[in-house]
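One structure is given here, and the rest of the page talks about it.
The values are calculated or read from the model by the stated rules, or taken from the named source; none is laboratory data. Predicted model, so just to flag it, every value in this text is computed and none were measured. Here Cβ is always computed from backbone atoms with ideal geometry, including for glycine, and neighbour counts include all displayed protein chains. When the accessible area is computed, the model is the full protein with side chains, heavy atoms only, and any ligands, DNA or RNA have been set aside. Shrake-Rupley method; radii C 1.70, N 1.55, O 1.52, S 1.80 Å.
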Amino acid sequence: MRRQLGTELGLEPRQVKFWFQNRRTQAKAQADRSNNCALRRENERMMAENLMFRESLKSVVCITCGGPTIRDDDCHIRLEQFKLENDFLVKEYRKMGELLASYNIIGADQVVSPLQLSSVLSSLAISGSITTPTPTPTPTPTPAAAIPCLIDPQIEASLCQRFHSLCRQNTTLIPPQGSQSSNSIIRPFNGDRDHQAMIPAQSAAATPTAVAASETQIGTPAAAVVSFFTEEEIVRMKEAATKAVDEVARLLRMNEPFWFRSTVDGNFILQRQSYDGVFHNVGLKCEARREASKDSRVVAMSGRKLVDMFLDSEKWVSLFPTMVKKADTIEVLNTGLPQTRSGALQLMYADIHILSPLLRSREFFFLRYCVQVDAGAWIIADVSFDSSRFLHSLTWKLPSGCLIHDMNDGYSTITWVEHVEISDSIQTNPIFRDLVCSNSAFGAERWILTLERMCERIAFASMNMMPSCDSGVIASPEGRKNVMEFSERMVKLFCGSLDMTGNMELQYGKNNNGVRVGIRRSIEAGVPKGLIVTASTSLWLPLLPQTLFNFFKDPSTRHQWDVLCHGNPVTQIQRISNGTFSDNFTTILRPYIPTENNTLLLQECCTDFLGSVVVYAPVDVGTITAAINGEDTTTMPILPSGFTICGDGSPPRGAFFGCALPESRHYGGSILTVTVQVLVSNQNAVGQFNMNTVDAVNGLAATTVKKIKAAFKCP
C-alpha cells in the first residue's frame, strides 16, 4: 500500500510511511491536550467540592449555645480586637475617674466600677444638674450633692453619652478624633464581612500629602476607614501602579508564551508556568485559586469618553449595572492631564456580583491607573494594594485592565484582561460551579460583552430620530429617551434588590437552593416608601438559555407565568429598541385586569451570548404619561421584579479543535434566577409586619417557578 500510494503521489515509500506516523502523532497529541483540559476542569471541580466539605465540617453547631463555631483564625483576630478594645476601655475608665475626682464628685482614692461611674454620670444628667457653671478661680471642696454643676454642660453631656457607649460590651469602640490614648483606629467589627481591618493611625511625625484628606470613608457599610497617606505610601502606590501597567501591556499584546486557545471552547487560557517565570506578584496570604481570561471586541463609544467613565465610579457602575453592585473612589492621588487623563491614579472600592442570591459577591480594594500609550490609545490597569490593611481579605486583583483604542468614528476596540485571586474559603454553590470555573461568571468575556451592550444602549438613547423598528404611542425622541432612562433606573434597582446584606433575611427550603427572602424598609427616593419584601431563588433547568429568554420576552406567553395577568393575554402598546440586536428592547405592556384599568407594565429585555435579563415593574398610566412627556423620572416610584438567565457553564457540545465560537455554543442547561418584590405596607402603616405576608411573597415566587416548569413540562 505504501508503494502504491507513493506511485500515485510521486513520493518514496518511506515518505508515505513517515507521513502516516506524523499524522498519528499529531492526532494523539491533540487528543492528549483535550483530555488534559477536561481533567484539569474535573480536578478544579473536585477541589471545590472538597473545600465545600471541609468548610461544612468547620461549620458544626456549638453544643453549648447552639450557634456556629468560630474558626481558629477568626478567633485569633477577634481576640486581638477585644484586647485592643479592653485596653481602650481601661484608659477611658481611668480618665473618667480622674476627671470626676478632680471635681470632687468622687474621692481621689475611691475605687468604683465602670457601671458605678456610668450611674454617677446618669444621675448628674437626669437630675438636671447640668447647668452653666459659676466662674470661680478654684472650686471649694464640697459634698457632691451640694454641687450644682462644676463641668461645662457640653463637655458633661458628651462625656455621659460617650461613657454610656463605652460600657456596652457588645459595641465596638472608635477613639475620638485627636485622642492619643490608642495608637490605632479601630473599625466597627462585623463578623459577616471579610475585609474588616484595623488601620494604623498616622503618627504625629508623619507629614500628610496635599492631595489627601485627614480621614475618608467609603459610602458603604463595607467601607474601609482610610487615614491620610504618607509620602512613602504614595510612592509605593505609584510604583505598584506603574508595574501593573507594564504587566497588563505585555499580557494584552502577546499571545505566546502567556496565552493559548482552549480546544474545548476557544477561549484564551493563561500558561501558568510562563507567567510565573516572568512576573512575581504577591497576592493573598492564604490558599487561593486564580482566574485569568482575555477577550477583545469593538464597542460603540469613543475612547476618550470611555476613559472618563472608567475614572468616574458612578459612571463606571452605570456601564456595568449587572456586574458592579457598588463602587466608590476612596482617594484621588492624581487627576492626570486635563486633555487625555494620562497619569490619573486613584484608589477605588468595588463590589462585583452575579445576579443570584446563591452566589457571593466579590469585594476589591484596588488602584486604578490610566496611561496614554499612543495617540488615541489608553491602558487602564487595576491592581490590589497593601493587603496588610485588610486582615480578612478573601479577594485580590492581580494586574488586570484593558486597552482602549479609539477608531476615530465613534467606535473603540477594547482588549480586556481579567486576573484575580479568590480565597478557597469562598464556597461556590454547586449549580454555579461550572459557570465560575469556566470564567463565564466573572471573566473578561462577560465584562466586555456587558460593555458592548451598554455602549449600544447609550448610543440608541441619544438618537435624534425615531428608529423605524420602534412602534407605539411615543412620537418624540425626547419622550423615547426619557422612557429609556426610566427603564435603565428600573434595571439598576432590580440588580440592587438581590443584595440582601443588612436586611432581615429568611430562607425557605431544606438546602442552600431554597428561596431567600429579604425584608427592608425603603426610605430612598424613586422607590415606594414602606416595608418591601424581596423573594429570590435560583434553579437549574434542562433548557437552552435562548429558549427561556424567548418565553419570557413574548407577550403572548406572559399569562402562563405572570400572576398579574390572571391568565389573560397582554397587549404591547410601545416597543423601544436599545441595541442592534433585535432581542434588546424596552416595552410598555397593558395587562387585561377586569377590576383595574390603570395598571401598565414597563419591561426591559437584554441579552448577549453569556446571559439574559428580563426586568419588569407595574406602573400606573399617569407615571408612564409623565415619562413620555419628558418629566423627571428620578423620583418616580417603581418596584421591579424579573429574571436572569445564563448557561450552566458546561462545555459546549460539538466543538472541535480551534473552531468553537461563542455564537455556536450549546449548553447542557440553564440557570434561572426568579426575583419578586412586593410592597407589603406603605410609609403610613404600622412598623410591624406580618409573617403571613412574608409567607405569601415566598409563595408567589414558588408559584412562579411552578408555572414556568409546567409550561415546559419540567419535573
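Scanning the range 540-557 for residues that are surrounded by 15 or more Cβ atoms within 10 Å (Cβ to Cβ) and outside any helix (DSSP H, G or I) yields Trp540, Leu541, Leu543, Leu544. Screening Glu92 against (1) at pLDDT 70 or above; (2) over 30 Å from the mean Cα position of the chain (by Cα); (3) surrounded by fewer than 14 Cβ atoms within 10 Å (Cβ to Cβ) leaves a single unmet condition, (3).
Residues that are among the β-branched types (Val, Ile, Thr), modelled with pLDDT under 85 and open to solvent by 80 Å² or more (accessible area, probe 1.4 Å): does the range 25-48 have at least one?
Our first condition is that a residue be among the β-branched types (Val, Ile, Thr); within the range 25-48, this holds for 25.
Next, only the ones that are modelled with pLDDT under 85 stay: none.
No, there is no match, as no residue in the range 25-48 is among the β-branched types (Val, Ile, Thr), modelled with pLDDT under 85 and open to solvent by 80 Å² or more (accessible area, probe 1.4 Å).
Looking only at residues of the range 558-583 that are assigned to a strand (DSSP E or B) and among the hydrophobic types (A, V, I, L, M, F, W, C), we find that the one that is nearest to Ala444 (Cα to Cα) is Ile576. Would you mind telling me which numbered condition in (1) in a strand (DSSP E or B); (2) touching a residue at least 60 places away in the same chain (Cβ under 8 Å); (3) within 9 Å of the chain's Cα centre (by Cα) Val371 fails? Going through (1) in a strand (DSSP E or B); (2) touching a residue at least 60 places away in the same chain (Cβ under 8 Å); (3) within 9 Å of the chain's Cα centre (by Cα) one by one, Val371 breaks only (3). Within the span defined as the range 565-576, one or more residues are within 31 Å of the chain's Cα centre (by Cα) and surrounded by 20 or more Cβ atoms within 10 Å (Cβ to Cβ).
Within the range 396-429, the set of residues being within 19 Å of Asp374 (Cα to Cα), in contact (Cβ under 8 Å) with a residue 60 or more places away in the chain and among the acidic types (Asp, Glu) comprises just one member, Asp406. Pairs linking a residue in the range 471-499 that is more than 30 Å from Leu358 (Cβ to Cβ) to a residue that is open to solvent by 30 Å² or more (accessible area, probe 1.4 Å) and part of a strand (DSSP E or B), with Cβ atoms under 8 Å and 6 or more positions apart or on different chains, are Ser471/Arg575; Gly472/Gln572; Gly472/Ile573; Gly472/Arg575; Val473/Ile573.
The requirement of being part of a strand (DSSP E or B) and open to solvent by less than 10 Å² (accessible area, probe 1.4 Å) is not satisfied by Asp382.
Taking the criterion of being open to solvent by less than 30 Å² (accessible area, probe 1.4 Å) and either without any contact (Cβ under 8 Å) to a residue 24 or more places away in the chain or touching an Asp or Glu at 6+ places or on another chain (Cβ under 6 Å) (or both), the only residue of the range 262-278 that qualifies is Tyr275. Quick one: is Pro357 closer than 23 Å to Ser670 by Cα, assigned to a loop (DSSP other than H, G, I, E, B) and open to solvent by 10 Å² or more (accessible area, probe 1.4 Å)? For Pro357, the condition - closer than 23 Å to Ser670 by Cα, assigned to a loop (DSSP other than H, G, I, E, B) and open to solvent by 10 Å² or more (accessible area, probe 1.4 Å) - is met.
Residue under question is Gly6, and the condition is that it be modelled with pLDDT of 85 or more, surrounded by 12 or more Cβ atoms within 10 Å (Cβ to Cβ) and of a type in the set (Gly, Ala, Ser); does it hold?
Numbers: modelled with pLDDT of 85 or more: yes; surrounded by 12 or more Cβ atoms within 10 Å (Cβ to Cβ): yes; of a type in the set (Gly, Ala, Ser): yes.
Yes.
Look at (1) assigned to a loop (DSSP other than H, G, I, E, B); (2) at pLDDT 90 or above; (3) open to solvent by 30 Å² or more (accessible area, probe 1.4 Å) and you find that Cys659 fails only one, number (2).
Can you name every residue in the range 300-343 that is closer than 20 Å to Ala249 by Cβ and assigned to a strand (DSSP E or B)?
Kept after step one, since they are closer than 20 Å to Ala249 by Cβ, are these residues of the range 300-343: 303-304, 306-307, 310-311, 334, 336-337, 340-343.
The one that is closer than 20 Å to Ala249 by Cβ and assigned to a strand (DSSP E or B): Asn334.
Kindly indicate which of Ser393, Ser438, Ser412 is crowded, with 22+ Cβ neighbours inside 10 Å, at pLDDT 90 or above and not aromatic (Phe, Trp, Tyr). If you could, list the steps in order and put the result at the bottom.
On the way: Ser393 fails: at pLDDT 90 or above; Ser438 fails: at pLDDT 90 or above.
The match here is Ser412.
Among residues of the range 295-317 that are more than 17 Å from Val371 (Cβ to Cβ), those with a beta-carbon under 7 Å from a residue that is in a loop (DSSP other than H, G, I, E, B) and of a type in the set (Ser, Thr, Tyr) at least six positions away or on a different chain give the pairs Val298/Tyr411; Val299/Tyr411; Ala300/Tyr411.
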